[in-house]
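Since the structure comes first, as structure tokens, the remarks are kept for the end.
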Amino acid sequence: MLQWRRLLIPAGVFALVMLVLGPLVLTAPATVTIDGYYHIKVAQWLAREGPFVDIRWLPLTVLGEHGPDHHWLWHVLLVPFTWFGDLFDGLRWGLVVTAAAVPAALTAIAMALRIPWPPLMALLACTGALIMPGRLLMLRAQNLALVLMVLALFAMARKKPVLLFAVAFAFMLSYHGAMILVPFTALHLGVVAVTERRFDYRAPLAVAAGLLAGLMVTPWFPANLDYLFFHTLYKTSNPNAVVVGSEWLVPGLPHILREAWPAHLTLLAGLVALAWRRTRPSAEALLWLLTAATTFALYTRAWRFAEYYAPLAVLAGGVCLRDAFATAPARPALRRALVAVMALVVLVEGGLGLAVARARSEFVPSKYAAIADALRQRARPDDIAFNTTWEDFVFLFWNDAGTRYVNGLDPNYLAFADPARFGMWLWITGVSADEPNDPAPVIRDVFGARFAVVARGYPGLARRLSRSPHAHLILHTGWGWLYELSPG
């Protein structure tokens, strides 16, 4: 019965979350995600061409002609969702299933940790910050990363090097964010050194071997090392790196306290319980507390790290509550009160988070569909199209996966690979209608582009290209303009 219980309870959480999310997502005409369109489209290519597909649609960027797919395992997991007749239906099902899988997996891990009320704690971990529901509905590898992060901490604390190796290996195959296991391992080594007076050599060996193996088993090694450097060092430490979207903005302490207050209070409740019961935290609790503190420090630098801090803070609070009441369980009245408060917080914050996600579900699959169709009819396999916004690459790719583009996914991709071209890209996107210099030959000669896709937010550039003898307007839609450039 115990074995069945370990399966049935997480399955019940999965089913419950599916029932909540399904009506909200499966009939919606738009999504809260941009990245999800890209990920499921790559998964579709993987299903057709597998087992490995080069990311070849941004040849002027760090990816080059044969870019490594650092989300490879994530894309493999998304392949079943490409079997739907309508890929947008597959995308929406993918959003719901992958979002529901996170609290289900956290429930299973919370049960293994013997945290009180595992399903409730897992749901609280997924609603501990206002952005959490929306972030989980983006079909991004961060969903898998969160689960693997938590599983790695469990493996470290429970001295399971084989499991730790497997987690690090899968993590690196799924997302370069796997490098966060390095500071987590350092924290684990410090905790073991202080509490057990020894050096746990197995943990760093398992993590290092898993991460290296995850890089080496793909056909992109050793070229993917440069891509790893770009992701882990250039973007995080280079003062010239471009800030990408609101998720990388510095939130400020008042915002952090307000947005993730359930996670803060859960962590505080665990610490108060330890102090009240005069209980020394276990080595495992210390590891969870230190990792929560680490992700909190990351959160102060970028808003998006709330999606890691909130779950880790809630689980750290749960481990502290476990230790505090290990020898003498809390009184029934106190337990009922805690359960009632947590359930209320999950309902209220989960509802608010879903409302925010729904309000921001504005990304429709038809964006650039007409322009992409025109490109599909005219472009040759190796043609490059100049695009004025890096975000729009995803929708052009979604609707026409054959054409290659100048900039996409992240402006740093182009800035890192070719700063001079990136500077020209910035100049062109800032061109006004009365610019004396014709940008069309620059687009053609500097970027090797045969086409230019101008988003509707750049009417000055569109008017200037319309006056150019080197550019021919093919199509104008509500999303923007498509020009074909004359040969040099």
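Search the stretch 246-257 for residues that are assigned to a helix (DSSP H, G or I) and hydroxyl-bearing (Ser, Thr, Tyr) and pair each with any residue that is surrounded by 11 or more Cβ atoms within 10 Å (Cβ to Cβ) and at pLDDT 80 or above when their beta-carbon atoms are under 7 Å apart and the residues are at least 6 apart or on different chains.
Once the first residue is assigned to a helix (DSSP H, G or I) and hydroxyl-bearing (Ser, Thr, Tyr) and sits in the stretch 246-257, its partners that are surrounded by 11 or more Cβ atoms within 10 Å (Cβ to Cβ) and at pLDDT 80 or above give Ser246/Trp303.
Of Ala125, Ala170, Ala108, Ala129, which residue is closer than 23 Å to Ser282 by Cβ and either within 21 Å of the chain's Cα centre (by Cα) or crowded, with 24+ Cβ neighbours inside 10 Å (or both)?
Ala125
Quick check on this structure: which one of Pro68, Pro103, Pro59, Pro51 is free of Cβ contacts under 8 Å to residues at least 40 places away in the same chain and not charged (D, E, K, R)?
Sole residue among the options that is free of Cβ contacts under 8 Å to residues at least 40 places away in the same chain and not charged (D, E, K, R): Pro51.
Between Leu21, Leu73, which is under 20 Å from the mean Cα position of the chain (by Cα), touching a residue at least 60 places away in the same chain (Cβ under 8 Å) and closer than 22 Å to Phe88 by Cβ?
Matching residue, one of Leu21, Leu73: Leu21.
For a quick check of your reading of the model, give me the residue pairs whose first member lies in the stretch 221-236 and is outside the structural domain of Gly64 (by TED's automatic domain parsing) and within 14 Å of Gly177 (Cβ to Cβ), whose second is at pLDDT 90 or above and not hydrophobic (A, V, I, L, M, F, W, C), with beta-carbon atoms closer than 7 Å and at least 6 apart or on different chains.
Pairs found: none.
Of all residues in the stretch 414-449 being under 22 Å from Gly478 (Cα atoms) and not small (Gly, Ala, Ser), which is surrounded by the most Cβ atoms within 10 Å (Cβ to Cβ)?
Among those that are under 22 Å from Gly478 (Cα atoms) and not small (Gly, Ala, Ser), it is Ile428.
When you check Trp93 against the structure, is it at pLDDT 95 or above and either surrounded by fewer than 21 Cβ atoms within 10 Å (Cβ to Cβ) or closer than 27 Å to Val76 by Cβ (or both), yes or no?
When the stated conditions are applied, Trp93 passes them.
Any residue in the stretch 309-336 that's farther than 27 Å from Leu146 by Cβ and assigned by TED's automatic domain parsing to the domain that holds Pro118: show its pairings with residues that are part of a helix (DSSP H, G or I) and not charged (D, E, K, R) at Cβ separation under 8 Å, as long as the two are six or more apart or on different chains.
Partner pairs satisfying both residue conditions: Ala330/Leu338.
Inspect all residues belonging to the stretch 46-63 and state whether any of them is farther than 30 Å from Leu225 by Cα, outside any loop (DSSP other than H, G, I, E, B) and in the same structural domain as His231 (by TED's automatic domain parsing).
no
In the stretch 330-363, what residues are at pLDDT 90 or above, touching a Phe, Trp or Tyr at 6+ places or on another chain (Cβ under 9 Å) and either charged (D, E, K, R) or under 22 Å from Ile34 (Cα atoms) (or both)?
Scanning the stretch 330-363 gives Glu349, Phe363.
I'm trying to understand the selection: among the residues of the stretch 437-452, which are of a type in the set (A, V, I, L, M) and assigned to a helix (DSSP H, G or I)?
Selection gives Ala440, Val442, Ile443, Val446.
Tally time: how many residues in the stretch 403-436 are under 15 Å from Phe230 (Cα atoms) and not in a loop (DSSP other than H, G, I, E, B)?
Total meeting the criteria: 7.
Name every residue in the stretch 355-393 that is part of a helix (DSSP H, G or I), buried (at least 17 other Cβ atoms within 10 Å of the Cβ) and over 30 Å from the mean Cα position of the chain (by Cα), in order of residue number.
Result: Ala374, single match.
For the stretch 196-215, state whether one or more residues are modelled with pLDDT under 95 and at positive phi.
yes
Looking at the stretch 132-167 only, could you name the residues that are of a type in the set (Lys, Arg) and either over 17 Å from the mean Cα position of the chain (by Cα) or outside the structural domain of Tyr227 (by TED's automatic domain parsing) (or both)?
The answer is Arg158, Lys159, Lys160.
The values are calculated or read from the model by the stated rules, or taken from the named source; none is laboratory data. These figures come from a predicted structure and were not determined experimentally. Cβ atoms come from the backbone with ideal geometry, glycine included; neighbour counts cover every protein chain shown.
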